[in-house]
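Here's the structure, in structure tokens; my notes come after.
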Protein chains: 2
Amino acid sequence: MADIGFIGLGIMGLPMARNLAQAGHQLHVWARRPETLQAIETDPRFTVHASPAQVAAATQAVFTIVADTPDVEAVLFAEQGILAGARPGLIVIDMSTASAEATRRFAELLAAKGVDMLDAPVSGGEVGAIQGNLSIMVGGKPAVFEAIKPFFALMGKNIVHVGSHGAGQVAKACNQIVVGVTIEAVAEALTFAQAHGVDAGKVREALLGGFAGSRILDIHGRRMLEDDYRPGFKATLHAKDMRIVAQGMAAHDLTLPCTELVGEKMQTLAHGEWAESDSSALYKLLKH
Amino acid sequence: MADIGFIGLGIMGLPMARNLAQAGHQLHVWARRPETLQAIETDPRFTVHASPAQVAAATQAVFTIVADTPDVEAVLFAEQGILAGARPGLIVIDMSTASAEATRRFAELLAAKGVDMLDAPVSGGEVGAIQGNLSIMVGGKPAVFEAIKPFFALMGKNIVHVGSHGAGQVAKACNQIVVGVTIEAVAEALTFAQAHGVDAGKVREALLGGFAGSRILDIHGRRMLEDDYRPGFKATLHAKDMRIVAQGMAAHDLTLPCTELVGEKMQTLAHGEWAESDSSALYKLLKH
């Protein structure tokens with residue numbers, strides 16, 4: 001059993017940390033907002049520290065899962081950040097969804113101090129986090145991946161070492177591209193059916209058995225037809241991820257037309273009445 | 001065992017007709033191009049006629065599967081077309097992919113002469129036609145659908161009565177929207193990965209287990225990564241289907257941005273060096 005650092009006890013992080021604790025590990029945590037700690041303060045498997053630096057000093061591996069790239073940067077490099085307390089040999093596993101370019105820079109800065117990093121963003125939502133069957137997309141050195149794999153196995157099922165630093169974030173960006181554009185594809189198809197006066201539920205049923213079949217058509221398609229946009233995955237978060245995608249496109253001078261289009265629609269969604277809804281509310285932006 | 005008409009012995013139609021014949025039915029056929037008949041001329045289960053009118057006169061149900069809306073119109077309403085030989089009570093089952101608006105008009109014209117019509121376009125490609133596991137999307141009267149269902153079951157597996165006349169064509173259009181836009185989504189995501197220097201095969205693997213998973217990511221994604229665009233489903237045909245989608249959008253004053261974008265890209269593909277390739281060659285139109 002190991003002493004493990006865990007920073008970011010949010011909707012995703014809390015159940016993920018609990019799955020690590022459930023396996024017998026001792027969790028060392030810090031939270032930016034003290035109220036976050038209420039959920040674990042009476043749990044003997046959790047030790048609360050005063051800073052990320054103190055968490056790093058008490059452990060040999062620290063998992064982080066925070067909201068966005070600047071939050072990752074702050075947890076790593078602020079005055080009382082992880083690096084300030086890290087001994088050589090520490091492994092930082094960032095499970096946030098963040099910029100691949102920034103991740104590569106962070107990994108270099110950490111490596112200069114003898115600290116190894118993996119980027120390991122996840123897909124599967126709160127349900128996947130609770131059930132421990134997340135998809136985990138990992139970038140970093142193979143030996144470090146192998147060392148951390150047993151911990152990943154406590155949180156996820158489909159665990160793929162995609163490549164070197166940043167590759168996990170690139171895979172996650174690809175995931176959000178495919179999910180976003182496929183949601184739009186389903187939304188446009190169901191809109192086409194309804195405009196023709198045809199039962200869109202029957203169309204969904206007919207399509208599920210063929211090449212058009214997907215988890216998005218199944219689950220998100222049903223949300224559209226039932227007009228039930230409880231998340232799921234919030235439009236604000238998908239919009240944040242699509243901004244990261246846009247940064248990656250800009251960094252490599254890429255033109256990806258449907259991705260750009262859905263990225264813009266997702267920003268519209270995230271700044272309107274559907275901001276806190278599931279991102280399949282993209283359907284609501286089409287004229288009916 | 002029944003006498004069945006079948007017009008359109010092409011890549012799809014020939015194996016579909018053979019599956020009907022295999023079950024013991026006698027097939028009455030006509031072909032616009034005589035060379036098409038070579039495949040069946042020594043087969044005693046097939047009777048060749050001199051016109052669609054003669055096919056109609058010899059049978060109580062005629063299946064048609066031809067290239068495009070004007071071909072359907074010609075087979076039905078030309079001087080020696082099906083209507084010219086039809087007795088009241090004949091059922092015409094059009095399995096072509098054609099315009100829903102035109103289909104509704106055809107059904108009305110036939111009904112005025114006592115002829116029933118179903119639209120029943122299919123999905124699943126040549127392999128599905130051979131194996132008899134096509135998806136069949138049906139529009140028309142429920143009683144007529146029930147009468148023809150046993151024949152559909154010889155050609156397909158996922159058979160859905162979507163609604164009244166034209167509803168099958170609407171479902172097929174929706175199918176082509178979702179397939180086309182999802183191919184573009186996968187193409188853009190894999191392009192994003194490669195631009196970042198990340199193994200796109202590993203990305204595909206990581207995504208298959210999660211919400212981004214689909215048959216398109218699996219099969220068409222592999223075609224892109226292996227640079228193997230043998231059809232499958234030809235770009236020229238997908239482009240034709242997207243023109244039918246565009247007609248449906250215009251008829252209902254619909255704006256579906258990703259559908260429009262992919263429709264335009266599909267026309268570009270169908271008028272260039274990839275015309276006879278699988279439509280997943282959309283990948284080739286992105287800058288790498």
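The values are calculated or read from the model by the stated rules, or taken from the named source; none is laboratory data. Everything quoted here is computed from the prediction, not taken from an experiment. Backbone-built Cβ (ideal geometry, glycine too); neighbour counts: all protein chains shown. Note: areas computed on protein heavy atoms with side chains; ligands, DNA, RNA excluded. Shrake-Rupley method; radii C 1.70, N 1.55, O 1.52, S 1.80 Å.
Against the condition open to solvent by 60 Å² or more (accessible area, probe 1.4 Å), in contact (Cβ under 8 Å) with a residue 12 or more places away in the chain and farther than 29 Å from A:G125 by Cα, how does B:Q247 come out, does it pass?
The answer is yes for B:Q247.
Examine the stretch B:275-287 for a residue that is open to solvent by less than 50 Å² (accessible area, probe 1.4 Å) and facing another protein chain (nearest Cβ under 8 Å), and state whether such a residue exists.
Taking every residue of the stretch B:275-287 in turn, at least one turns out to be open to solvent by less than 50 Å² (accessible area, probe 1.4 Å) and facing another protein chain (nearest Cβ under 8 Å).
Does A:G140 satisfy the condition of being more than 9 Å from chain B (Cβ to nearest Cβ), touching a residue at least 24 places away in the same chain (Cβ under 8 Å) and closer than 21 Å to A:D68 by Cα?
Criteria met by A:G140.
Just to verify a result, which residue in the stretch B:250-264, among those that are more than 8 Å from chain A (Cβ to nearest Cβ) and under 26 Å from B:R230 (Cβ atoms), is least open to solvent (accessible area, probe 1.4 Å)?
The residue in question is B:G263.
Report whether or not A:F152 is open to solvent by less than 10 Å² (accessible area, probe 1.4 Å) and more than 25 Å from A:G128 (Cβ to Cβ).
Numbers: open to solvent by less than 10 Å² (accessible area, probe 1.4 Å): yes; more than 25 Å from A:G128 (Cβ to Cβ): no.
It is false that A:F152 is open to solvent by less than 10 Å² (accessible area, probe 1.4 Å) and more than 25 Å from A:G128 (Cβ to Cβ).
Every residue in the stretch A:176-193 that is among the small types (G, A, S) and either touching a strand residue (DSSP E or B) at 6+ places or on another chain (Cβ under 6 Å) or touching a residue at least 60 places away in the same chain (Cβ under 8 Å) (or both), please.
Residues satisfying the conditions are A:G180, A:A187.
Got a number for residues in the stretch B:235-265 being touching a Ser or Thr at 6+ places or on another chain (Cβ under 7 Å) and among the charged types (D, E, K, R)?
Qualifying residue count for the region: 1.
Identify, please: which residue in the stretch A:58-73 is in a helix (DSSP H, G or I) and in contact with a strand residue (DSSP E or B) (Cβ under 8 Å, 6 or more places away or on another chain) and is, among those, least open to solvent (accessible area, probe 1.4 Å)?
Filtering the stretch A:58-73 for residues in a helix (DSSP H, G or I) gives A:58, A:69-73.
Keeping just the survivors that are in contact with a strand residue (DSSP E or B) (Cβ under 8 Å, 6 or more places away or on another chain) gives A:58, A:72.
Details: A:A58: 39, A:V72: 4 Å².
Among those residues, the one meeting the criterion is A:V72.
Can you confirm whether the stretch B:77-96 contains a residue that is of a type in the set (D, E) and assigned to a loop (DSSP other than H, G, I, E, B)?
Checking the stretch B:77-96: at least one residue is of a type in the set (D, E) and assigned to a loop (DSSP other than H, G, I, E, B).
Quick grid of which residues meet (1) aliphatic (A, V, I, L, M); (2) touching a Lys or Arg at 6+ places or on another chain (Cβ under 6 Å); (3) within 25 Å of A:G139 (Cα to Cα):
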residue	(1), (2), (3)
A:A173	yes, no, yes
A:H196	no, no, no
A:A212	yes, no, no
A:P231	no, no, no
A:M249	yes, no, yes
A:A270	yes, no, no
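Within the stretch B:143-175, count every residue that is under 22 Å from B:Q26 (Cα atoms) and free of Cβ contacts under 8 Å to residues at least 24 places away in the same chain.
4
Tell me which residues, restricted to the stretch A:159-179, are in contact with a Pro (Cβ under 8 Å, 6 or more places away or on another chain), outside any strand (DSSP E or B) and open to solvent by 10 Å² or more (accessible area, probe 1.4 Å).
Listed by number, the list holds a single entry, A:K172.
Being in contact with a His (Cβ under 9 Å, 6 or more places away or on another chain) and modelled with pLDDT of 95 or more is the requirement here; does A:F211 meet it? Give the steps one after another, and end with the answer.
Working: in contact with a His (Cβ under 9 Å, 6 or more places away or on another chain): yes; modelled with pLDDT of 95 or more: no.
So A:F211 does not fit the description; no.
Please enumerate the residues belonging to the stretch B:1-49 that are open to solvent by 70 Å² or more (accessible area, probe 1.4 Å) and either more than 16 Å from B:T64 (Cα to Cα) or in a loop (DSSP other than H, G, I, E, B) (or both).
Listed by number, the residues that qualify are B:M1, B:I11, B:Q22, B:R32, B:R33, B:P34, B:E35, B:Q38, B:E41, B:T42, B:P44, B:R45.
Which of the residues belonging to the stretch A:48-97 are closer than 22 Å to A:A147 by Cβ, within 21 Å of the chain's Cα centre (by Cα) and hydrophobic (A, V, I, L, M, F, W, C)?
Selection gives A:A61, A:V62, A:F63, A:I65, A:V72, A:V75, A:L76, A:I82, A:I91, A:V92, A:I93, A:M95.
Take the stretch A:180-219 and flag every residue that is farther than 23 Å from A:R230 by Cβ, assigned to a helix (DSSP H, G or I) and among the hydrophobic types (A, V, I, L, M, F, W, C). Before you say what the answer is, go through the steps one by one.
From the stretch A:180-219, those farther than 23 Å from A:R230 by Cβ are A:192-193, A:195-199, A:202-203, A:206-207, A:209-213; that's our starting set.
Pick out the ones that are also assigned to a helix (DSSP H, G or I) and you get A:192-193, A:195, A:202-203, A:206-207.
If the condition is that a residue be farther than 23 Å from A:R230 by Cβ, assigned to a helix (DSSP H, G or I) and among the hydrophobic types (A, V, I, L, M, F, W, C), then A:F192, A:A193, A:A195, A:V203, A:A206, A:L207 are the ones that fit.
Can you go through A:F106, A:F145 and tell me which one is assigned to a helix (DSSP H, G or I), open to solvent by less than 60 Å² (accessible area, probe 1.4 Å) and either more than 13 Å from chain B (Cβ to nearest Cβ) or under 25 Å from A:A53 (Cβ atoms) (or both)?
Every option except A:F106 fails the conditions.
Which ones in the stretch B:174-227 are touching a helix residue (DSSP H, G or I) at 6+ places or on another chain (Cβ under 6 Å), at the interface with chain A (Cβ under 8 Å from one of its Cβ atoms) and of a type in the set (V, I, T)?
B:I177, B:V178, B:V181, B:T182, B:V186, B:V198, B:V203, B:I216
Which numbered condition trips up B:V55, out of (1) open to solvent by less than 30 Å² (accessible area, probe 1.4 Å); (2) assigned to a helix (DSSP H, G or I); (3) within 22 Å of B:K240 (Cβ to Cβ)?
(3)
Of everything in the stretch A:124-142, what is surrounded by fewer than 20 Cβ atoms within 10 Å (Cβ to Cβ) and of a type in the set (A, V, I, L, M, F, W, C)? Give them in sequence order.
A:V127, A:I130
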